[in-house]
Amino acid sequence: MIKHIVCFKLADSSEASKNKAKEVLMSMVGNVPTIRSIEVGADFLCSERSYDVILQVELDDRAALDAYQEDKYHCDVVKTYMRANTTGSVAIDYDI
């Protein structure tokens, strides 16, 4: 299994913006078939070093991760929205 984690810094860190980002990320459920589990959360601490939203996805293997990265819904809907509404992100992918 692979865990894919991305932390996003939103351009607008309001609660409404965080909720919209969470909604868009969660919309992958049922639309991106390689996802085995997904968790999305929003930061409440709002410290200087905090990121605003976190995405955690579990996938079967590295081939599934590659397919996820190229998935049409993921690219056309989710990546498009997140890139337009963030100022930065960090990611990590690892075997579990």
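Laid out as a table, the results:
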{"read-out": "Accessible-area value, residue 10, 1.4 Å probe, nucleic acids and ligands omitted, Å²", "value": "10 Å²"}
{"read-out": "Computed lengthening from residue 63 to residue 45, 0.36 nm per intervening residue step minus Cα-Cα distance", "value": "2.9 nm"}
{"read-out": "Selection from 89, 35, 11 lying farthest towards where the dipole of the chain points positive, charges on Cβ", "value": "11"}
{"read-out": "Normalised convex hull volume, the chain, alpha-carbon set, Å³ per residue", "value": "88 Å³"}
{"read-out": "Helix axis angle, 15-26 relative to the chain longest principal axis, alpha carbon, degrees", "value": "0 degrees"}
{"read-out": "Local electrostatic count at residue 21 - Lys and Arg +1, Asp and Glu -1, tallied over other residues with Cβ under 13 Å", "value": "+1"}
{"read-out": "Inter-site label distance for residue 20 and residue 95 at 7 Å from Cα along Cβ, in nm", "value": "4.1 nm"}
{"read-out": "Loop-resident sites, the range 32-71, for trypsin sites (Lys or Arg not before Pro), counting at most 10 other Cβ within 10 Å (DSSP)", "value": "49"}
{"read-out": "Within-14-Å neighbourhood charge of residue 68 [Cβ basis; K, R +1; D, E -1]", "value": "-3"}
{"read-out": "Rounded if a/c under 1.5, otherwise prolate or oblate - the range 44-91, Cα gyration tensor axes", "value": "oblate"}
{"read-out": "222 nm mean residue ellipticity, helices alone, for the chain (DSSP H n ≥ 4; -39,500 (n - 2.57); rounded to 500)", "value": "-8000 deg cm²/dmol"}
{"read-out": "Where the range 13-96 is the region considered: accessible area per residue in Å², 1.4 Å probe", "value": "62 Å²"}
{"read-out": "Low-density loop positions, GluC sites (Glu not before Pro), the range 1-86 - DSSP coil, at most 12 other Cβ in 10 Å", "value": "48"}
{"read-out": "Positive minus negative residues near residue 96 (Lys, Arg vs Asp, Glu; Cβ under 12 Å)", "value": "-3"}
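The values are calculated or read from the model by the stated rules, or taken from the named source; none is laboratory data. None of the values given here were measured: they were computed from a predicted structure. Because the Cβ atoms are built from the backbone with ideal geometry, glycine has one as well, and the counts that use them run over all protein chains shown. When the accessible area is computed, the model is the full protein with side chains, heavy atoms only, and any ligands, DNA or RNA have been set aside. Shrake-Rupley method; radii C 1.70, N 1.55, O 1.52, S 1.80 Å.
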